[in-house]
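Presented below is the structure to which this report refers.
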Amino acid sequence: MIVVTGATGNIGRPLVAALAEAGEEVVAVSRSARPAGLPDGVRAVQASLGDFAGMKPVLEGADAFFILLAGEQNGPGEPAAELLDIAKGAGVKRVVLVSSQLAGTRSDTPSHNRLREFEAAVRESGLEYTVLQPGGFASNAFAWAESVRTSRRVFHPFGDVALPVVDPADIADVAAVALREDGHNGRTYVLTGPEAVGPRRQVAMLSEALGEEVTYVELTREQATEVMSRFMPPAVVKGTLDVLGEPLPIEQEVSPDVQKVLGRPARSFGDWVARAVPAFT
């Protein structure tokens with residue numbers, strides 16, 4: 001049995017589908033009482049990683065555990081090691097954790113302290129483990145959906161600063177392999193797309209997929225700060241803009257890990273857009 005947290009999100013949903021298709025017994029954990037669209041045979045459970053005690057009965061009898069922290073769960077909470085102890089006591093043998101590339105490249109960012117704590121707890125747990133460190137997500141472009149639908153415009157800073165964003169479906173596919181197959185114990189995989197693509201080019205690719213022009217409107221850092229501060233804490237805004245505007249060289253590199261694990265190239269941003277078009281129409 002494999003327990004998947006974040007089961008209705010951009011990573012969790014395709015992961016649950018992949019595991020179910022492979023014939024695995026899957027428990028899909030989400031905060032929704034009745035999540036829609038899960039495959040037949042998957043057991044849905046309402047629980048949260050913010051409540052370790054509530055996860056204990058969910059993990060009983062599980063062989064593997066997929067850990068994906070939601071945004072609000074990245075703040076201070078119960079010691080991460082306690083959740084790993086609960087999992088171990090419930091019979092879990094293998095853990096796959098989704099962390100972030102920035103947890104390794106930006107050790108001074110407070111917003112990733114919780115992920116670093118979980119990485120350490122997983123590595124010290126005595127369980128088989130794999131840590132996934134994705135870069136920026138292609139699906140972050142969903143933030144443009146409303147303005148594209150209403151005005152065919154995208155407002156974003158740093159138009160020509162390119163990053164190799166990763167398709168969440170590739171994260172899910174790598175996680176499915178690490179959860180099911182041997183040979184990934186103790187590994188940390190950095191997951192990126194196959195090429196670095198800047199926002200201006202991303203918008204051009206979106207225009208092509210839609211079959212009509214979408215205008216890219218470049219924001220200054222100050223303008224972007226004002227917009228993002230409406231829904232992000234100041235430290236998160238600063239850290240995000242630092243990465244988007246002044247990425248470290250390693251953050252712009254294409255990692256071979258998706259192809260190494262899956263035996264095929266990583267999906268491109270264009271691949272993601274082709275599937276995501278309905279959200280922008």
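The values are calculated or read from the model by the stated rules, or taken from the named source; none is laboratory data. Owing to the predicted nature of the structure, the values given are computational and were not obtained by experimental measurement. Because the Cβ atoms are built from the backbone with ideal geometry, glycine has one as well, and the counts that use them run over all protein chains shown. What goes into the accessible areas is simple: the full protein's heavy atoms, side chains included, and nothing from ligands, DNA or RNA. Shrake-Rupley method; radii C 1.70, N 1.55, O 1.52, S 1.80 Å.
What number of residues within the range 91-114 satisfy the criterion of being of a type outside the set (S, T, N, Q), at pLDDT 95 or above and out of contact with any Gly (no Cβ under 7 Å at 6 or more places or on another chain)?
Counting residues in the range 91-114 that are of a type outside the set (S, T, N, Q), at pLDDT 95 or above and out of contact with any Gly (no Cβ under 7 Å at 6 or more places or on another chain) gives 7.
Residues that are within 27 Å of E181 (Cα to Cα), under 19 Å from the mean Cα position of the chain (by Cα) and of a type in the set (F, W, Y) number at least 2 in the following strands (runs of 3 or more DSSP E) confined to the range 36-113: 64-68. Residues in the range 255-269 that are touching a Ser or Thr at 6+ places or on another chain (Cβ under 9 Å) and among the aliphatic types (A, V, I, L, M) were compared, and the one that is least open to solvent (accessible area, probe 1.4 Å) is V258. The residues listed here are F155, F142; of these, the one that is closer than 21 Å to I11 by Cβ, touching a residue at least 60 places away in the same chain (Cβ under 8 Å) and open to solvent by 40 Å² or more (accessible area, probe 1.4 Å) is F142. Looking at this structure, is R94 open to solvent by 20 Å² or more (accessible area, probe 1.4 Å), touching a residue at least 60 places away in the same chain (Cβ under 8 Å) and within 16 Å of V3 (Cβ to Cβ)? So R94 passes the test.
Determine, yes or no, whether V214 is crowded, with 18+ Cβ neighbours inside 10 Å, among the aliphatic types (A, V, I, L, M) and closer than 30 Å to A176 by Cα. When the stated conditions are applied, V214 does not pass them.
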